[in-house]
Amino acid sequence: MKKGVLLCCHGTRSIKGTYDTKKILTFFKQKNKNYITKISYLEIRKPSIEDQLKFFLKRKFESLLIIPVMIFPGNHVTKDIPKILISVKKNYKYLPKITITKPLIYSKYFFSIVQKKIENKIRIIKKQDKNGVITIASNTINIKAKSTIKLLTIKLTKKNKFDYHKNILITLDKKKLQNDLKSIHQKCDKYFIIPLFLFRGKLLENLVSVTKEMNKKSNNKFVMCSHINDHKEIYKLLKSMMN
């Protein structure tokens with residue numbers, strides 16, 4: 001009997017970001033040839049989650065694993081994807097065994113991957129400096145997602161013995177991001193900025209742009225760490241959620 005995997009991404013207008021998701025799909029297929037794997041998007045890009053669910057349900061798969069390719073338990077993971085699934089599956093008499101995995105923050109590898117991003121940059125600081133960490137994530141109204149982001153930030157602070165920490169939820173408003181960074185400008189000598197994104201897109205572009213502008217005026221106070229940008233790293237997270 002056939003086994004299916006549906007990777008559910010948010011969707012972006014960024015060509016680079018979409019390329020990143022397709023690279024993950026290709027790599028995932030290469031490593032899991034015993035599964036039929038498809039990719040889908042909540043918005044902006046096609047194919048939609050609804051259309052890909054119909055593909056699997058029409059063909060009477062034995063099982064279907066739905067993996068949100070997202071970091072935090074926001075509304076997309078906890079509400080939108082389950083709602084779409086309920087809407088689609090009511091039209092089919094035969095249903096496979098369907099499982100929706102948790103978001104990637106719950107992978108046993110997630111913290112170590114983010115920690116490595118800091119360790120790759122930490123050598124540039126002076127021991128006597130007062131250092132802080134700023135985690136940056138997409139804006140959310142979901143209380144559980146906000147709490148998870150805060151807990152991750154605190155864990156990174158303790159692990160690296162930072163003197164200060166803050167998490168900032170961003171939108172496309174570059175001015176607000178700039179003001180948020182200015183408001184803490186004098187608290188530390190250096191800040192490690194951790195972008196909590198899987199793929200390239202406008203939010204990440206804005207963060208990089210604003211940070212560069214801030215560094216011109218502050219003697220490179222803000223140290224930009226890389227986002228989780230390696231397809232092998234993301235695959236490792238996805239694979240761990242399947243077990």
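Identify all residues within segment 54-83 that are more than 27 Å from Lys144 (Cα to Cα) and crowded, with 18+ Cβ neighbours inside 10 Å; write none if there are none. Break it down into steps so the answer makes sense when it comes.
Residues of segment 54-83 that are more than 27 Å from Lys144 (Cα to Cα), as a first pass: 54-63.
The answer is Phe56, Leu57, Phe61.
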Residue among Leu156, Leu95 that alone is out of contact with any Pro (no Cβ under 9 Å at 6 or more places or on another chain) and open to solvent by 60 Å² or more (accessible area, probe 1.4 Å) | Leu95
Here, strands (runs of 3 or more DSSP E) confined to segment 13-111 with at least 2 residues that are under 25 Å from Leu196 (Cα atoms) and either basic (Lys, Arg) or under 15 Å from the mean Cα position of the chain (by Cα) (or both) are 36-41, 63-68
Report the residue count in segment 151-166 for those that are within 15 Å of the chain's Cα centre (by Cα) and not aliphatic (A, V, I, L, M).
-> 1
Whichever residue in segment 168-193 is assigned to a helix (DSSP H, G or I) and more than 21 Å from the chain's Cα centre (by Cα) and, among such residues, is surrounded by the fewest Cβ atoms within 10 Å (Cβ to Cβ) = Lys175
Taking the condition farther than 25 Å from Thr21 by Cβ, surrounded by 14 or more Cβ atoms within 10 Å (Cβ to Cβ) and at pLDDT 95 or above, does Tyr164 pass?
-> yes
Flagged pairs (Cβ under 9 angstrom, 6 or more apart or on separate chains; first in segment 5-19, of a type in the set (Phe, Trp, Tyr); second crowded, with 18+ Cβ neighbours inside 10 Å) are Tyr19/Phe199; Tyr19/Arg200
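The values are calculated or read from the model by the stated rules, or taken from the named source; none is laboratory data. Since the model is a prediction, treat every value here as computed from it, not as a measurement. Ideal geometry is used to build each Cβ from the backbone, glycine not excepted, and the neighbour counts take in all protein chains shown. In case anyone asks, the SASA skips ligands and DNA or RNA and just uses the protein heavy atoms, side chains included. Shrake-Rupley method; radii C 1.70, N 1.55, O 1.52, S 1.80 Å.
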